[in-house]
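The values are calculated or read from the model by the stated rules, or taken from the named source; none is laboratory data. Given the structure is predicted, the values throughout are model-derived calculations rather than measurements. No Cβ is skipped: glycine too gets one built from the backbone with ideal geometry, and neighbour counts run over all protein chains shown. To get the accessible areas, we keep the full protein, side chains included, count just its heavy atoms, and leave off ligands, DNA and RNA. Shrake-Rupley method; radii C 1.70, N 1.55, O 1.52, S 1.80 Å.
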There are 2 protein chains.
Amino acid sequence: MTKIEEIGQKAKAASLEVAQLSIEERNRVLRAMSQALTANQAAIIKANQADLAKAEGLSKPMMNRLTLDKKVLDGIAESLEAVAELKDPLAGPYENWEHPSGFKIIKKTVPLGVVAMIYEARPNVTIDAAALTFKSGNAVILRGGKEAIQSNIVLAESLRNCLKEQGLNPDIIQLIEDTSHESVNELLHLREYVDVLIPRGSGSFIDFVVKNATVPVIETGAGNTHIFVDESADFDKAIPVIVNAKTQKPAVCNAAEKLLIHEKIAANFLPKIADALLAKGVELRGDKAAQAIESRITTASETDWDTEYNDLIMAIKIVKDVDEAINWVNAHTTHHSETILSQNKDNVAKFMQAVDAAVVYQNVSSRFTDGFEFGFGAEIGISTQKLHARGPMGLPALTTLKYEVFGDGQVRS
Amino acid sequence: MTKIEEIGQKAKAASLEVAQLSIEERNRVLRAMSQALTANQAAIIKANQADLAKAEGLSKPMMNRLTLDKKVLDGIAESLEAVAELKDPLAGPYENWEHPSGFKIIKKTVPLGVVAMIYEARPNVTIDAAALTFKSGNAVILRGGKEAIQSNIVLAESLRNCLKEQGLNPDIIQLIEDTSHESVNELLHLREYVDVLIPRGSGSFIDFVVKNATVPVIETGAGNTHIFVDESADFDKAIPVIVNAKTQKPAVCNAAEKLLIHEKIAANFLPKIADALLAKGVELRGDKAAQAIESRITTASETDWDTEYNDLIMAIKIVKDVDEAINWVNAHTTHHSETILSQNKDNVAKFMQAVDAAVVYQNVSSRFTDGFEFGFGAEIGISTQKLHARGPMGLPALTTLKYEVFGDGQVRS
């Protein structure tokens, strides 16, 4: 048995234990975890500094995501308290009904079992994922990136020690310390023990996971996000929405990447939005029609239209009408968040219905695609697939169902 | 572009059309399909006889499943009427709420898009799958087995002609006429066009699909189904339940395959259940402890414990207590249907909670795991996985959700 199989087997055994905890027990432990992390701040920051010292060459946003200082750790401790406050995703009332022959069927909500998370250089995901999977009664296997490995080891040990102190099996939360590609590969095929794998990271990494995994996967996060500015758009509202969606946090999956403009308003609208975006430091690329109107736009290549920049770049295309916009979006979307800026009810209804994405917006910045903004109180990721969960995933996405049937000797005739 | 890719592309285009039909339109077309199948009975029976003529060497149950006579076809036509009567799985009311900044979020139920079905020698699945995917607003790609290909071609053409006569795109329903392994293989990788693939067939075929597909899959149907007879079981009820679960229809996935008996009652119970099962022609295999009590039991091999017989064979094992039963079941279950026969509340609660299966029964025959018996009015398959759908899948399993957001220029700060 390999090291990873051993982790899987321990997780499966631990999943039966955590599934039996009452919501009072789960919440008590989450609060104890919050206190444990606060008590261990010095050790966590020391480990994080070791990671940061090795992290030369990472971009500034990556360095920011990697850093755990007192402020970040206080926030993480608070977030554990907040998870303890959330509604129990396993609580009833459950649907139940009686078969004509007299037996009773109860449709229960139960934990998934063993959740595996693969993620990159964000040590806060270690805590987020552990807290949300624990709250929903699951065991978790964490496989973070090598950039954050020292931080992750100390964070995971803090949580595991806390579980032990609370009289629980520490294997409810396990970290894979091996940061080689082989450990990911093995995890992708651990069907016997892993009930669902949630990868978080770049589009190409998630694509690799989806194509290679034999365990069930929930695809998350890739966001080649479009905004279509219809003929009827209200410019005074459209410009702030586009600027916000593009620049408020350009490195995230719900940031806008592409701008489609109705040809009838392009000559008037394009110079205005170009001014606003350039003033925020956005590099503009575009098709020939856009370049003909606005000389500050450079040429977009074929690959641009399918690229998630995660940066201050936006590609602009002129389209004939809402139908061309819909076809273009459906050909290039990553099914995350898509937007129409329009005052025309028919065009909005058409776009909402036909565009194949988790969230479709009218006249709102796509930056709102987020479990907290949607009112779920938590987020384990944003699903870009259609099975099981779609869009921002709160605690219910970490559960499944089970039919319990109680009878008295009924047989089928 | 290959032939299969072309089918995929046409299905994706057709999926946008079928998704826009009102429930009145969908039901009207389902009733027209029912009439079309009745009108075409002669041609269907002729094609089916061509399939049957080639089907030498198939077992009798397989021949039965393959046969379409007037009675079967009348039943299929009636089932289409019944699907038209079912509740619209896309109907609201939808959850909706307002963000603090004033925009409105609506959580809509929408079709999955393109559903692909791969199945074996049961031509009735062609109609079932087409009807249920159509009712739920999806396009479908059907890939039936070579044994039923002539029947499937005529059935699919009847439905496609009916769609045309109703003024709809016939590509809402497409059959892959190529019955080679290559066509299956290509379908497993058609990520651009297929939203979900539902395989139906043998456990080894479904395993092949799950391990090789890059499109999202819902695993169905493999059933290595156990019954545990606890110390406290009521023999008068236990014996009829076991006999029913094993023999009422042995070739199906919810038939019982394994019998675990508590050691304290084994000497008393085993001869009684052996009499009852042998009287029904069931071959009994077992472990040494079972053989020591009952000489009519032959030796079960290691592979027996993981084999779904789909036949009049049952393997019997003696266990120490409910805990050993639970551990054994969890090590060998296909997560379909598992049963405890017991009058002891604590043991029943433990078994219900710990056994990892879609349906867990107390004192009821597992033959009831079925969408119709569960009151769903339809069944597209029985999911043995935890994501998206679990257990008998009715029309809601063929839908997903979509968030529609309507605002007035809101941006995130």
Quiz item: Counting partner chain Cβ atoms within 10 Å of every residue's Cβ in B:395-408, what's the average?
Solution: 6
Quiz item: What angle do you read, to the nearest 10 degrees and between 0 and 90, between the alpha-carbon axis of helix A:149-165 and the longest principal axis of chain A?
Solution: 40 degrees
Quiz item: Within the accessible area of segment B:225-368, what % is carbon and sulfur when the probe is 1.4 Å and the other protein chains stay in place?
Solution: 49 percent
Exercise. Would you mind telling me the antiparallel percentage of the DSSP bridges in segment A:274-399, rounded to 5?
Key: 25 percent
Quiz item: residue B:206 accessible area, nearest 10 Å², 1.4 Å probe?
Solution: 10 Å²
Exercise. For chain B, find the longest principal axis of its Cα atoms and tell me its angle to the long axis of helix B:345-354, 0 to 90°, nearest 10.
Key: 50 degrees
Quiz item: Sorted from largest down, what three extents in whole angstroms do the Cα atoms of the protein assembly as shown have along their principal axes?
Solution: 89, 72, 42
Practice problem: Send over the per residue convex hull volume for chain A, Cα only, as a whole number of Å³. | Solution: 180 Å³
Exercise. Quick one: dipole size for segment A:225-368, taken about the Cα centre, charges +1 on Lys/Arg Cβ and -1 on Asp/Glu Cβ, in debye to the nearest 20.
Key: 380 debye
Quiz prompt | Expected 222 nm ellipticity per residue - DSSP helices of 4 or more, -39500 (n - 2.57), all of chain A, to 500 | solution = -13000 deg cm²/dmol
Quiz prompt | Förster-model FRET efficiency, 51 Å R0, residue A:64 and residue B:6, C-beta, rounded to 0.05 | solution = 0.60
Quiz item: Measuring from label point to label point, each 7 Å out along Cα→Cβ, what is the residue B:211 to residue A:289 span in nm?
Solution: 5.0 nm
Quiz item: Hey, with R₀ at 60 Å, roughly what FRET efficiency would residue B:74 and residue A:95 work out to, going by the Cβ-Cβ distance, to 0.05?
Solution: 0.95
Self-check item: Label-point separation in nm, residue A:181 to residue B:46, each point 7 Å along Cα→Cβ
Solution: 5.9 nm
Quiz item: What FRET efficiency would be calculated for the residue pair residue A:264, residue B:323, taking the C-beta separation as r and a Förster radius of 60 Å, to the nearest 0.05?
Solution: 0.25
Self-check item: Note, ³J(HN,Hα) from phi for segment A:396-412, Karplus 6.51, -1.76, 1.60, rounded to Hz, x at Gly and Pro
Solution: x, 5, 9, 10, 9, 10, 8, 8, 9, 10, 10, x, 9, x, 5, 10, 8
Practice problem: Enter the angle in degrees (range 0 to 90, nearest 10) between the Cα long axis of helix B:3-18 and the first principal axis of the Cα atoms of chain B, meaning the one along which they spread out most. | Solution: 70 degrees
Self-check item: When the convex hull of its Cα atoms is projected in every direction, mean area for segment A:139-230 (nm²)
Solution: 8.4 nm²
Practice problem: May I ask for the accessible area buried between chains B and A, both sides summed, probe 1.4 Å, to the nearest 100 Å²? | Solution: 5900 Å²
Practice problem: Place +1 on the Cβ of every Lys and Arg and -1 on the Cβ of every Asp and Glu in the protein assembly as shown, take the dipole about the Cα centre, and give the residue among A:261, B:148, A:238 whose Cα lies farthest towards its positive end. | Solution: A:238
Quiz prompt | Under 21 Å from the Cα of residue A:70 - lysines, other chains or at least 8 residues apart | solution = A:46, A:54, A:60
Quiz item: How big is the equivalent ellipsoid of segment B:1-72 along its three axes, where each semi-axis is √(5λ) from the Cα gyration tensor, reported in whole Å from largest to smallest?
Solution: 31, 21, 11
Self-check item: Span from the segment B:301-334 Cα centroid across to the segment A:17-43 one, whole angstrom
Solution: 38 Å
Exercise. Using only Cα positions of segment B:225-368, each an equal point scatterer, no hydration layer, compute I(q)/I(0) via Debye at q = 0.09, 0.14, 0.19 Å⁻¹ and quote the log10 values to two decimals.
Key: -0.21, -0.54, -1.09
Quiz prompt | Surface accessible to a 1.4 Å probe, per residue, for the residues of segment B:256-407, Å² | solution = 35 Å²
Exercise. Assuming a ≥ b ≥ c are the square roots of the Cα gyration tensor eigenvalues, decide whether segment B:153-198 counts as rounded (a/c under 1.5), prolate (otherwise, with a/b larger than b/c) or oblate.
Key: oblate
